[in-house]
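**Q** Input: one structure, supplied below.
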Amino acid sequence: MPDRPRPHRPAATRAPPAPPVPGSPLPAGDFGPWAEGLDAAIQGERDSDVPCGDCAACCSAGQFIPVGPDEHDALRAIPAALLFPAPRMPKGHMLMGHDAKGRCPMWIHQRCSIYASRPRACRTYDCRVFAAAGQDGPEGNPDPAVSHQARRWRFGLESLADAQGFAAVRLAAARLRARVLPPELAPAHATQLAVLAFKLRALFLDEAAGGSPPSAERVVGAVLALRAAQARP
């Protein structure tokens, strides 16, 4: 019996990905690789690689931008009148303020006017750290645009290491919110708290795995060590 002719089917084509719906969840990537990348950015080995899209919330979030004494390009690019000494930091550490609407003074015509020479804080900024630390609500991050974006991120937690690392950041953030640190060491705002919780996550891995939480003395000691490392030239 001869084979019946098969109906013609057009070759399958891949439809272009639909743009994300405003307010819909955004993939933040697997936690482990993301954490390694942010560690490298904090150490100055690379810039953060954030899929910002058309979001520029961090540039108008009313944040004071730290500029270290070794950031020569940024210090040359930013007018001296916009900088002032950073409180509780060694001499030479500066802060850049914002305008009355919370915008960075270098944000001009809807773009960063010093992008190639922007400060290290801008190069390493990654709003996914708020999602990792649970600082993604109005009470944890007072800027509504950053808070909205942070709530959209969703980390991949397929491996046990990723799940425990993520939990460790959350535990560290909760401990910091409970004011375990003396006032002179405590984070001054939501960004500092989220980043510090991320840096302290190794200290909370045992608790994340079902063990005991670190003592207050260990947490304070770890923060002092981070401060000392930051102050070194």
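Here, each number is a calculation from the coordinates, and none is a lab measurement. Bear in mind the structure is a predicted one, so any value in this text is a computation, not a measurement. So basically every Cβ, Gly included, is an ideal-geometry build from the backbone, and we count neighbours across all protein chains shown.
**Q** Calculate I(q)/I(0) for segment 51-125 by the Debye formula, one identical point scatterer on each C-alpha and no solvent, and give its log10 at q = 0.19, 0.27 Å⁻¹ to two decimals.
**A** -0.77, -1.49
**Q** Can you figure out the FRET efficiency of residue 36 with residue 76, using R₀ = 30 Å and their beta-carbon distance, to the nearest 0.05?
**A** Details: r = 31 Å, r/R0 = 1.05.
It comes to 0.45.
**Q** Can you work out the Karplus-derived ³J(HN,Hα) for every residue in segment 33-44? Use 6.51 cos²θ - 1.76 cosθ + 1.60 with θ = phi - 60°, whole Hz, and x for glycine or proline.
**A** Once θ is set to phi - 60°, the couplings for segment 33-44 become x, 4, 4, 4, x, 5, 4, 5, 5, 5, 7, x Hz.
**Q** While we're looking at this one, here's another question. Taking percent of Cα pairs over 23 Å apart straight from the coordinates, which label in [x] 66; [y] 47; [z] 55 is the correct one?
**A** Computed from the coordinates, percent of Cα pairs over 23 Å apart corresponds to [z].
**Q** A follow-up question, please. How do 146, 169 rank when sorted from fewest to most other Cβ atoms within 10 Å of their own Cβ? Could you put the intermediate results ahead of the total?
**A** Working: 146 23, 169 26.
Arranged by neighbour count, lowest to highest, 146, 169 become 146, 169.
**Q** A further question follows. Would you mind computing, in nm to one decimal, how far apart the modelled labels at residue 83 and residue 231 are, each placed 7 Å from Cα along Cα→Cβ?
**A** 2.1 nm
**Q** Still on this structure: Report for the chain the percent antiparallel among DSSP-assigned beta bridges with both residues inside it, nearest 5. Write down the numbers at each step before the final one.
**A** Numbers: 8 of 12 bridges.
Just about 65 percent of them are antiparallel.
**Q** What length, rounded to one decimal in nm, is gained on full extension from residue 215 through to residue 99, with 0.36 nm per residue of separation minus their alpha-carbon distance? Walk me through the intermediate numbers first.
**A** On the way: separation 116, 0.36 × 116 = 41.76 nm, distance 4.10 nm.
Extra length available between residue 215 and residue 99 comes to 37.7 nm.
**Q** Let me ask you something else. Can you give the translational diffusion coefficient of segment 141-188 in µm²/s, computed by Stokes-Einstein from the Kirkwood radius over Cα pairs at 37 °C and 0.692 mPa s? Don't skip to the answer; put the middle values down first.
**A** Working: Rh = 12.9 Å.
The calculation lands on 255 µm²/s.
**Q** Compute the distance in nm between two label points, each set 7 Å from the Cα along the Cα-to-Cβ direction, one at residue 91 and one at residue 123.
**A** That separation, rounded to one decimal, is 2.6 nm.
**Q** Could you pull out the GluC sites (Glu not before Pro) across segment 150-222 that fall in loop regions by DSSP (anything but H, G, I, E, B) with no more than 12 other Cβ atoms inside 10 Å?
**A** Values: sites: 158, 184, 207, 217; in loops: 158, 184.
Within segment 150-222, the qualifying GluC sites (Glu not before Pro) (loop, at most 12 other Cβ atoms within 10 Å) are 158, 184.
**Q** Loop only per DSSP, at most 16 neighbouring Cβ atoms within 10 Å: give me the trypsin sites (Lys or Arg not before Pro) in segment 110-205, ordered by residue number. Before the final figure, lay out the partial values.
**A** Values: sites: 111, 120, 123, 128, 151, 152, 154, 170, 175, 177, 179, 199, 201; in loops: 179.
Filter output for segment 110-205: 179.
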